[in-house]
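Enquirer: Structure provided below as structure tokens; questions to follow.
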Amino acid sequence: MADIIIVLIVIILLGLALKGSIKHFKGEGPCRGGGSGNSKKPKTKFLDGPVIGRKTLKISGMHCEHCANTVTNALNGLDGVTAKVSLKDNSAEVSYDREIDLTDLKNAVKNAGYEVTSVS
């Protein structure tokens, strides 16, 4: 009888873990990037002037769409910057219309909960 109870508890716990994992990978739950589970879709941002440069940032720690949206919104929050983040490539292509300090880009990603591993 005790074995049946233990098996039922394990099945329930596995079901809850699976449900949480599915929500996480759909971007509906909080993850390393933080948030309340209400992953804001990144707003389309246009630059004020012509693009004077582009950089590609390799980013570690992104696991789901919520993560990618968090990084996109963090980078788009910088003046003169617009970003397209690829979860598949773990990278962000950043375009800018004014001189931008690389430290500002790295800090925006870091403050969002992720790390820039390389810049090209």
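The values are calculated or read from the model by the stated rules, or taken from the named source; none is laboratory data. Note that the structure is predicted; figures quoted are calculated from it, not measured. For neighbour counting, all protein chains shown are included, and Cβ atoms are generated from backbone atoms with ideal geometry for every residue, glycine included. The area values use the complete protein model at the heavy-atom level, side chains included, leaving out ligands, DNA and RNA. Shrake-Rupley method; radii C 1.70, N 1.55, O 1.52, S 1.80 Å.
Enquirer: Kindly provide the set of residues from region 79-100 that are of a type in the set (A, V, I, L, M, F, W, C) and open to solvent by 20 Å² or more (accessible area, probe 1.4 Å), ordered by number.
Expert: First pass over region 79-100, keeping only residues of a type in the set (A, V, I, L, M, F, W, C): 81, 83, 85, 87, 92, 94, 100.
Of everything in region 79-100, those that are of a type in the set (A, V, I, L, M, F, W, C) and open to solvent by 20 Å² or more (accessible area, probe 1.4 Å) turn out to be VAL85, LEU87, ILE100.
Enquirer: Among the numbered criteria (1) under 14 Å from ASP48 (Cα atoms); (2) open to solvent by 30 Å² or more (accessible area, probe 1.4 Å), which single criterion is violated by ASN76?
Expert: If we test ASN76 against (1) under 14 Å from ASP48 (Cα atoms); (2) open to solvent by 30 Å² or more (accessible area, probe 1.4 Å), just (2) comes out false.
Enquirer: Could you please find all residues in region 52-64 being more than 16 Å from ASN107 (Cα to Cα), touching a residue at least 40 places away in the same chain (Cβ under 8 Å) and either open to solvent by 20 Å² or more (accessible area, probe 1.4 Å) or polar (S, T, N, Q) (or both)?
Expert: Within region 52-64, ILE52, ARG54 qualify.
Enquirer: Return the total of residues in region 41-78 being over 13 Å from the mean Cα position of the chain (by Cα) and farther than 15 Å from LEU102 by Cβ.
Expert: The total comes to 10.
Enquirer: Output the residues belonging to region 101-120 that are surrounded by 18 or more Cβ atoms within 10 Å (Cβ to Cβ) and not hydroxyl-bearing (Ser, Thr, Tyr). Even if it seems obvious, please write down each step before you answer.
Expert: Within region 101-120, the subset surrounded by 18 or more Cβ atoms within 10 Å (Cβ to Cβ) is 105, 108-109, 112, 114, 116.
Scanning region 101-120 gives LEU105, ALA108, VAL109, ALA112, VAL116.
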